[in-house]
1. Between the range 147-168 and the range 318-365, what is the separation of their alpha carbon centroids in Å?
2. Quick check: residue separation of Val440 and Phe269 times 0.36 nm, minus the Cα distance between them. What number comes out in nm?
3. What is the percent carbon and sulfur in the accessible area of the range 289-330, measuring with a 1.4 Å probe over the protein chains and ignoring ligands?
4. So, with a 1.4 angstrom probe, what is the percent of accessible area on the range 87-196 that is carbon and sulfur?
5. Using a Förster distance of 25 angstrom, determine the FRET efficiency expected from the C-beta separation of Ile244 and Phe121, and round it to 0.05.
6. What ranking, highest mean first, results for peptides 124-131, 146-153 when packing means the other Cβ atoms within 10 Å averaged over each residue?
7. Send over a whole-number figure in Å² for the accessible area per residue of the range 83-124, probe 1.4 Å.
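The values are calculated or read from the model by the stated rules, or taken from the named source; none is laboratory data. These numbers were taken from a predicted model, which means no experiment stands behind them. Note that we place each Cβ from the backbone using ideal geometry, even for glycine, and neighbour counts take in every protein chain shown. When the accessible area is computed, the model is the full protein with side chains, heavy atoms only, and any ligands, DNA or RNA have been set aside. Shrake-Rupley method; radii C 1.70, N 1.55, O 1.52, S 1.80 Å.
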Amino acid sequence: MKKVLVLLAGAMMLAAPALAAEIPLVASEAPAYNCDFEPSCEVSPGVYGKMSSPVKSKFNLSIGGFVRLDYAYNSQNLGTLGFLLPGGGLNRSGSVADQQDQSIFTARVSRFWLKVAGPTFLGAKTNALIESDFVGLTANLGNSNENGELRMRHAFGTLDWTNTQVMFGQFWDIFGPAAASTVDFRQGASFGTPNNPRVAQLRVTQKVNFNADNSLKLVLGLQNPSQDATNGVGGNVPNVAGQIMFVSKALGVGPGFYGMSLNSLQAGFFGLWGNQSGLNRSSDVYGYGAYAFVPLLKSSDGKSRAMTASLETQAYIASGMNWTGATAANLAGSTAAKGYGVYGQLIFYPIQDLGITAGYERRNGMNYRALSASNVAASVGPPAVAAFNFEEYNELIYANVAYDLNATVRVSAEYLHAKTQYNAPIGATADSGQMNAVRVAAYYFF
C-alpha cells in the first residue's frame, strides 16, 4: 500500500508542470492572495485575508446590505423580541411584565442582499433580488437573542419594460404602502401602518403618462391569502390587491423612508379582497384606504437633502386582516373583526446629514365593543376565548433623529410612547397598557 501511495504522489508531482503548461493562467484572472503570513497565505481569503479575486456570476451581480447594532430600553418587559414593538397589544398595567423594565442589545436586524441583472426578454430588462436578515424563529422559541436565525425577507424576479413591470416572488404586501420611518424595526405595524408583511405574489405595475411631469401608476396582484394561518381559519382563494396612484413632479422631491430616497408627490387609493373559511364560518376579508406622500420643502437640485421636508399619511378600513396587522383579530365572535388605521409622519432635513422625524399612528377596532356575553358564548373555539381580550385601539407616538457620519455609517436615536386599550379587563389587571421606549442604533451600509 505504501508503494502505491508513493508512486501516486510521484506521478502527480511529475504531471503538475505538464498540466500547468497545458492550462495557462491569465494574469488578470489569477487569484491574488494576502501572503503576509506565508507559507499559509491561502488559509484566509476574502475579508480576512484581503483576497482580491472578485466573486463572479454569469449575470451582473451586486451585493449589499447593512450591519446594524440596536439598543432598546422598554419600560415594560417585551420578552426575547424586546428590540421590536409587540406584534399585538402591550402588557396590561399592573401585570408582572409591566412592572419589569428591559434593556436589550441585538445585531439581528443586520441584513444582506444579492441583486442580479440578467439578459433581456422580449425587450424587457430582467432583474432579481433575494434579501435576508436574522430575525428568524429562534427568538420565538425562547432561545438567546445572540442566536439569530436567517430569515428570507424578499425574493423576487422582475421583467421591466418602459412603462410596465411584471413581478413574481415575495415582496411587500400591496395593501398599505406607508412605511413609518422608525428606528424600531417593526415600524408600528400593529399600531396603524400594516406594511410589514412580505407575501408571495404575482403583480403587474402599469405606468400611464399624461405628460412629462404627471402620470398614473396602476398596480394589480394576486397574493398568498395572508389569513391562511390565523386561528384555524384558512383562506380558500388568493387575495386580490391593487393600487391606483397619481404621481407628479410638480412639487419637486422630498425625503422618503428614513431619508434614503427623495420622492415626488404621490396620492391615491389601495385595496385588498379575499375569503376565509373554517370552524363553520365563511367571511370576506377586505380592506381599502387612501395614501399620500407630499414634498413640503423640495430639494434644491433633486439630490441634496438639505432644507427638505415631506409629509406622508395614510388611512384605511379593514375586515378580518389581522395577519397584516390591519385589524387586531380576524374574527370578533362569529363575525369578521373590523377596524381602521390612521397614520401621519413628518420628515425634515435641516442639513444634508441630519434627519428629524416625528409621527403618529392609531389602529382602532370598529365592532369589538359591540360584543356581548351572548354572542361570545355562542362562539366555538379560540375566538370565544379571546373575545374579552380585544385590543380596542393601539396608539403610537414617535420622534427620532438620524445623523450620517459619512456615506456608510449612520447613528440614530428614538423615543416612542405606545398604548393599548382593551375592551374589557381580565382578572384584577387594568384594561390598558402603556410603554415608553428608547431606541438607539448604529448602521454600516455596504
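1. 24 Å
2. Working: separation 171, 0.36 × 171 = 61.56 nm, distance 3.42 nm.
Full extension of this stretch gives 58.1 nm more.
3. Using a 1.4 Å probe with all protein chains present, the range 289-330 comes out at 63 percent carbon and sulfur.
4. Details: 2840 of 4830 Å².
Carbon-and-sulfur percentage of accessible area, whole number: 59.
5. On the way: r = 27 Å, r/R0 = 1.08.
Plugging the Cβ-Cβ distance into 1/(1 + (r/R0)^6) gives 0.40.
6. Details: 124-131: 16.9, 146-153: 14.1.
Ranked by mean Cβ neighbours within 10 Å, highest first: 124-131, 146-153.
7. Numbers: 2060 Å² over 42 residues.
Heavy-atom accessible area per residue stands at 49 Å².
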